[in-house]
Structure formats: C-alpha cells, structure tokens
1. Could you tell me the distance between the Cα centroids of region B:288-316 and region B:676-703, to the nearest Å?
2. Tell me which residues come under 5 Å, amide H to amide H, from A:I43 once H is placed; ignore anything under 5 positions away on its chain.
3. Counting other beta carbons within 10 Å of each residue's own, what order do B:Y304, B:Y514 fall into, fewest first?
4. What is the set of long-range amide H partners of B:S395 at a cut-off below 5 Å, with H atoms built 1.01 Å from backbone N?
5. For the residues A:H76, B:H550, A:H20, what sequence is obtained by ranking on other C-beta atoms within 10 Å, fewest first?
6. For A:D35 and B:D592, FRET efficiency with R0 = 25 Å and r from the beta-carbon atoms, rounded to 0.05?
7. Using 20 Å as the Cα-Cα cut-off, could you pick out the over-long pairs in B:K292/B:K379; B:K365/B:K477; A:K17/B:K652; A:K100/B:K324?
8. So, counting K/R as plus one and D/E as minus one, what does the shell of residues with Cβ under 13 Å around B:V457 add up to?
Amino acid sequence: MSYCRQEGKDRIIFVTKEDHESPSNAELVADDPNDPYDEQGLILPNGDINWNCPCLGGMASGPCGSQFKEAFSCFHYSKEEVKGSDCIDHFRNMQECMQKYPDLYPQEEEKETKTQTEVVPDQDSSPPSSVSDSDVLSHSSSPTDSQRAS
Amino acid sequence: MLKCRAVWRKLAPLARSASTQCRHNVKTALNNGRRQAFVPATHMSTGPAGGGGSENTLYVVLVGAACLGGGAYAYMTVRGDSKRYEERISELASRSAKEAPESQPPVAPEPEEAAPTSEESAPVAELSGETESASAEPVAEVPPEAVEEAPPVVEEAPPEPQAEVLEALPAVVESAAEEPVTEAPPAAEPETVQEAPTEPAVTSLPESAPAPEPVSAPLTLPSHAPYLLIGGGTASFAAARSIRARDPGAKVLIVTDEPNLPYMRPPLSKELWFSDDPSVTETLRFKQWNGKERSIYFQPSSFYVKPEELTSAENGGVAVLTGKKVIQMDVRGNKVKLDDDTEISYDKCLIGTGGVPRNLQVIEKAGDEVMNRTTLFRKIEDFKSLDNVSRNVKSITIIGGGFLGSELACALGRRSSETGLEVIQMFPEKGNMGKVLPEYLSNWTTEKVKKEGVRIVPEALVKSVAFKEDKLEILLKDGRQVKTDHIVAAVGLEPNVDLAKSAGLEVDSDFGGYRVNAELQARSNIWVAGDAACFYDIRLGRRRVEHHDHAVVSGRLAGENMTGANKPYWHQSMFWSDLGPDVGYEAIGIVDSSLPTVGVFAKATSKDTPKAATEQSGTGIRSESETEATAVTPVASSTPAPVMEHKDEYGKGVIFYLRDKVVVGIILWNVFNRMPIARKIIKDGEEHADLNEVAKLFNIHED
C-alpha cells in the first residue's frame, strides 16, 4: 500500500510494486509528428536526411563529411534491388578519405548488436525518433560502425 | 542597385542646382523637405533630365549611356568569365607580389560605402588610370598585410553568390588586357559601382589560391570567417558541428583564449578523478563505466583544419584559433578585434564565452598568500593544479555545496582514503545540494557525502580568511574556525559578458548573461549559447542554464539557426550528477528547492545505481545513454534482483517540482533511461491531479 508523508511544502509518497501495477490514468498530450519545433530523427518528414541528427555523431561534419553525405544520400535514394549497389564509388571515396584520419575513424570492423550504438555521438543528447533510422545505419557500410566516428 | 545609381546620377545635377536655387530664393524651402526642394527646380527645368542647360543634358545622357553600356558589358563578362577567373587565380598570385606595392594607394573605396563610387564617376579622364588600379585592387590584397584592411575576405568557392563572381571582374580585367582598356570609361565605372554593393565581398584572391602558392599566403590567419564562434567550449563545438552538418562546405572559425581544443567539462570533476592511470593529468582520458576509454576532447586535433588553411579548404572545415581573446565587437561592421589587434570579420557570429568562476570577496581581499592557496575550478589547468595540490597537502576545504562542490568533495574524499588527506566541505545551506533538492533528500545526500570521507560543515558563512602559521584559517560568522592548507571555491559562475558593451548587447539583470530571444539570437547575425545565454524558454520562461547538456542543445540550436532554421528552444536539456558510484540522478527543467515538490519513491535494488545504468546501456556518459535509446524498453531482469539493505527510504524514485500546479522540473533519482518520459511531461505543461499516476509512467520498480 502506498504511504504518504508531508514535510512542509514537500510531499513524499512511497509505493510498492503492486501500487504501480495498474496502468496510469495520467493523460499525455498527443505528439504532433510534424511539429517543426521538435527534434527530428534521422529522416525528416519530407523524406530528406537530417544531417544534424545526433545519431550520426559527427559523421556529416568532419573532414570526410562531404564524402559521407554523398555516399549516404546515394544509398538513401537508391532504388536498386540491392540498396546502395549503385553507390560503390561514393563509399569507396568515403573510405579513402577516412583512411587518412585513422584517429578519427578507427578502422574497426566490429558488428555491434545494438544498432543504435553503432554511430556513437560524443556529446549529443536527443534521441532519434524512429526505429527505422537505426535499421538504415546498420545496413550501411562499416565506417558507420566505428565508435569515434566524426 | 545599378538603377539606383543611375537614377541618382540623373538627379544629382538636378539636386545641386535645385539647392542652389533654394538658397537664393527662400531659405525655408529647404526645411520643407525634398519635394519642395525640387519644386523650385522645375521652374528652371522642364523635365527630369534637367533642361537647365544643354551641357547638363548631354552630361546626363552620356552618364546614362555609360551606365547602361557598362551594365551590359559587366553582365556578359560575368557570365562568360567566371571559370577563367578560377584558372587565373594562381597566375595572379605569382604576379601579385610584384604589383603589390604600386597598387596600394589607389585602393580607396570601401565596399560598404556608396559615396566614393558616385564621386568617381565625375572625373571621366581618370577612368583609364582607374581601370588598372581597379584591376590591381584584388592583387593588392594579396600580401599578408591585407589582414589590416577593413574589407573582409570572401571565399572562392564557386557556389558562392554572384557577389563573388563580380569580384572576378577586376581580375578578368587584368587578364583580358585589351578589352577593358578600350572600354575603360564605361567599364571602370560599373566595376567600382558593382564593387560597392557587394558588401562583404572583397576578395583576397591569393589567399584563396590553392595550395601551391606558399609565397603569397605564409601562415596568414583568416581575416574573414563566414561563421565565427567566440569561445571554444561545448556550446561552440556543438554549434560548429551543427553548422557543418547543415551548410555543406561551411568554414567555421572558433576563437578561444584557452590553449586547448574544445573539451567536455563534466569529467573534470568526476571521471578523471576516479581514473587509475597515474598520467591522467596528461592524457586526460577517462574510462567510462562501460569500460571504453575516451578523451575529454570532443575530437582529436586531426578533426580540425588549421586556421591558416581555413579559407582555402576545399570542403570547408572547423578551425580553432587558440590563445586569442576577442576583446571588442563591432556589430555594425560585422567584425571582431582580438587582443593582438587583429580583426576578423564574419557573416554569422556565435558568442559562447561561458563564464568565470566566482570568488568570495573575503578571499579576494585576504591577500596573495591566501589567493595562491585558492583554486577556482573550471578549466583543464585547474584540474591539473588541484590534482597536484591534493597529493601534496594534508587538508583541503571546499567552499560551496552545489553540484561542483559536492562532486569535488566526493572525488577528493575518495582519494582521502588512500592518502590520508583531510577533505572538508562547507556551505551556507543545511545540506548538500540544498538549493536543488528538497530538504529530506538534501539531508540524505549529505549523509552519503559524509560516507565518502568528507567532513561537512553546514550553515557556514565565511567571515574572513587569513594565512597564519603556514595554514589557512577560515573564520565563520558564528565563530567556528577551520584550519586548512588549500581552498577550493565552488560558489557559482559569473557569466562572461565582456563583449556586451562594445557590441551593444543587452545583459540580463535577473539571471546575468546576454539576453537573447527564444531562437537564441541577440541581434542580427549574433547568437549566444551555453552558460552565457539568458534565453526565453517558451515553456518555462526566461532562464539561464549552466549545464553541459544545455550547452550542447543550445549550441546545436544556435548552429541550426545560424544556418537559417529559425527554431526556438524547445527540446529541453537535462543534467545529471553522481555522488560516487552508488547514488546518481538525472534531472530536467527547473529544479529549485524553493518550489513545492512531490516525491514518489520505491525501494532500491542493487541494479539501481549509475554504474549499472551505464553498463546496461553500453554507454559511458549519462547524456549519451539518453541519446542512444530510441524507444525506452525496460529490460526485464531474468533473475529477481536481490534487495539491497538500504537504511534510508529514498532508494529510487521520481521527484516532481511544481509551479502553479504544473510540473516544471523532474528529478529521476537513481532511475535511469527514462528521460524521454520526463521531457514529455514537461513539454506538455499540463496540470495533473494525481502525480502518483504520472509517476507510474516511469516504471520505477523495474530496471
């Protein structure tokens, strides 16, 4: 049973697991998916890529940013059966560029289980909004796996 | 613009004659405004062309024709020769060195000013001479001395708007020698005419020349940066990243007075102290809870472009100019002045100057002996020095009971067990975090801090500090005395608003810092982010926030707005604190202990610690784990979690801070990975009748 205590202006409630088992009747305002103010996920409502998504870390802003953008855009808009198969050149460019900066783009080929943590931002704080974003990232090539990617 | 000039020229003789007439006739006509001034003129002339004399008409017709002809020529040249300009740059660069001295004098016209250009139209005879000087003009700006010139430098990147290509004109004029000479009269005029309106567009060509021109650009710091970020901290870095992501090929220049590249501050008072590595003060690397190591620097130095190479960088980049302080800002001229007298002009500017730690007046007045033994903790050098001090003294006293003070106390307290160091913490409140946590929780926290080996002196108001017998003597107002070897003052941050006066920026009197709107803009082309920004939060009202995540969120938002987004501050930033590995909390919104609170608690298990939280999510720093998670799915524990023996009742829970019955702040106490729900509740801003129901949303009993 929950137990309540008042200390001046502060109220303290202790609850057991059972107390919280029944679903909450607190009402939350429905989210507008097209709210322009809200933080966008990886893919914007109009289908474009949000290069500023924290989930990308610094990939789009580093020295190989333009190569990354080209490769990823090509992949994103690719209509081939094997998505991205027409983008080999772009990815090669990107890889070449990244090899020039080994301490920024460690040349690891680990496949990580958690797709979200593949591209680890250094200091960002807002969650990408849709699960499909991470799927895209997990299927793209290795440089996005690297942890300290920028 | 051309039309205006042409029209003005037509009217100029008219105006002159009109004003003379007025003076002769009635003096009051002048005071009645321009229209009246023209009225007497129409008496003497029959139309806009000014029939006052055939000479006048002829002159005006000639000028008009010249303008039109020049305009047509310019248009064709611009279209045809933009590519040739690119090729010619290198050639010009080599020639520039020779021609530089002789072409210095004629470089008169400021691009911003219209007046000189209209004057130049008068002496037609000198036009041919001007052609050469005009053509040599860009060449004149080749040498490094160009830095002194007021006209800002623009980049050579082809996608840049017409303004740049117009600059190609003078260059092209020189290369296509024959044509301009013959058409000198009409050509030079529109050239100089066109140069005027292109405000920030006077090119320093050889500076933008490709690499193989070391002679012309030896280590020149850029005199113009499209994006100038003042301050090299978290907010600036976040903005730089945002700008680079949104503006392809953007050139971002960060100017910082510290000698370091941008770094994150939280580990300086937390993780770095818990490192086992004896060389941590040099490497500045810390081990995150998930075992992965990282540096406090956001990016290694290879990420950045050298400032000298920024202007010529093909794909742009971020350059950091260290050890330079911006001392003055000229908002009208869109430029700043550094402490070494160099000037840098900008298109968009961010002020991310953060703040300077406050000190106690009694310490400042106490003299050098005391000041030398006092640390104001903020930067890397402070961390290094305090680390050194802590190994060499017997007693350290921390004044201040907020986040920084408590974290340092816990960190040093941990060390005290190894070295026998005495750690004392004193503050005016009754308990640690007294201004943040409700009293019951503050007391609980204080007990935790004591367990870390810290001697707490609560309700302490410092009256004086003196250096006696090789010890610092702190005398409190109630008579208590504390003797110690070293003091760490963690009594708040003074936002750095040094540029407010020269820039004409508003400073907030309630919260301090630069006053900015909801889009973080102070004035046109100037944004402020991070600790120094007093901004309007649409949901929570005007405030100033001094937390790491806020610096990231506001920096990123400022970067977005600098690239045209026009978004207000909407995504609420969070903050966190740890008191050792066993107690930690995350918070969001306004968390002020003077507000009424409602706390909902459950008993904690061994899984409810900050360590466990980050281990589980596989991330190292708290706000990162928040970022990683898309959907928050509580992980069901396979084995029942053993119930820990907690004497206290506040194992884990949620605390709501209310203002007029609306939740404006939430603390997640030893409950992690739930921040999105908390953010949602604050964003809604609804009045909830039963906060226990709201608390259910957090599933506090599960992991």
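1. So the two Cα centres are separated by 39 Å.
2. Answer set, sorted by chain and number: A:N50.
3. On the way: B:Y304 20, B:Y514 28.
Fewest-to-most Cβ neighbours within 10 Å comes out as B:Y304, B:Y514.
4. For B:S395, the qualifying residues are B:E422, B:D485, B:H486.
5. Values: A:H76 17, B:H550 25, A:H20 22.
The order, fewest Cβ neighbours first, is A:H76, A:H20, B:H550.
6. On the way: r = 28 Å, r/R0 = 1.12.
So the FRET efficiency works out to roughly 0.35.
7. Violating the 20 Å Cα-Cα cut-off are B:K292/B:K379; A:K100/B:K324.
8. Values: positive: B:K430, B:K450, B:R455, B:K477, B:R480, B:K483; negative: B:E422, B:E429, B:E459, B:D478.
Value of the local net charge: +2.
Throughout, read-outs are computed from the coordinates displayed, never taken from laboratory work. Given the structure is predicted, the values throughout are model-derived calculations rather than measurements. We place every Cβ from the backbone using ideal geometry, glycine too, and count neighbours over all the protein chains shown.
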